């Protein structure tokens, strides 16, 4: 899925292995928020897919039967993402029961954690810039133009 999630930046179309810890949790919808509305709103971040890449509700591709294969949601600004898969359990190749030889040492889920780290670093830099401007204004080193 195309996603605004900071965690999933540049990962659109990726088909990644998951670790299944249980089959109880799944996306649940009520009459006020149905899964088609969530899809239309553009906040679906992840979906279970079959071996052809099509979203699925069928086991074993969708281990808990989530409606329309929805397994992750994000906010419109992408700063909050919730998901049912456990990427922390398969971010290294050694954690996977099988993997293509070309993966090397890092599993594809590691990108999600690197994306988060990049975002945190960028926010820190932006915050430092804002602080530097505030300090400069406070010390008189920067003139704020008057508004008329």
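Return the total of residues in region 60-95 being in a loop (DSSP other than H, G, I, E, B), at negative phi and touching a residue at least 24 places away in the same chain (Cβ under 8 Å).
Taking region 60-95 and keeping what is in a loop (DSSP other than H, G, I, E, B), we get 60-66, 75-80, 84-86, 90-91.
Add one more test, that the residue is at negative phi, and what stays is 60-64, 66, 75-77, 79-80, 84-86, 90-91.
Of the ones still in play, those that are also touching a residue at least 24 places away in the same chain (Cβ under 8 Å) are 63-64, 66, 75-77, 79, 84-86, 90.
Total satisfying the criteria: 11.
Output the residues belonging to region 2-18 that are touching a residue at least 60 places away in the same chain (Cβ under 8 Å) and touching a strand residue (DSSP E or B) at 6+ places or on another chain (Cβ under 7 Å).
If we filter region 2-18 for residues that are touching a residue at least 60 places away in the same chain (Cβ under 8 Å), which is where we start, we get 3-11, 14, 16-18.
Residues satisfying the conditions are 3, 4, 5, 7, 8.
Given the condition modelled with pLDDT of 95 or more, under 21 Å from residue 114 (Cβ atoms) and not in a loop (DSSP other than H, G, I, E, B), answer yes or no: does some residue in region 27-45 qualify?
yes
Name the residues in region 18-34 that are over 22 Å from residue 97 (Cα atoms) and surrounded by fewer than 12 Cβ atoms within 10 Å (Cβ to Cβ), would you?
24, 28, 30, 31, 32, 33
Conditions tested, residue by residue: (1) at pLDDT below 55; (2) over 21 Å from residue 77 (Cα atoms); (3) part of a helix (DSSP H, G or I); (4) out of contact with any strand residue (DSSP E or B) (no Cβ under 9 Å at 6 or more places or on another chain).
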| position | (1), (2), (3), (4) |
| --- | --- |
| 113 | no, no, yes, yes |
| 122 | no, no, yes, yes |
| 126 | no, no, yes, yes |
| 131 | no, yes, yes, yes |
| 136 | yes, yes, yes, yes |
| 145 | yes, yes, no, yes |
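Determine whether region 50-63 contains at least one residue that is modelled with pLDDT of 95 or more, touching a helix residue (DSSP H, G or I) at 6+ places or on another chain (Cβ under 7 Å), surrounded by 17 or more Cβ atoms within 10 Å (Cβ to Cβ) and under 23 Å from residue 99 (Cβ atoms).
Scanning region 50-63, I find at least one residue that is modelled with pLDDT of 95 or more, touching a helix residue (DSSP H, G or I) at 6+ places or on another chain (Cβ under 7 Å), surrounded by 17 or more Cβ atoms within 10 Å (Cβ to Cβ) and under 23 Å from residue 99 (Cβ atoms), so the answer is yes.
The values are calculated or read from the model by the stated rules, or taken from the named source; none is laboratory data. The shown structure was predicted, so the numbers you read here are calculated from the model rather than taken from an experiment. Glycine gets a Cβ as well: all are built from the backbone with ideal geometry, and neighbour counts include every protein chain shown.
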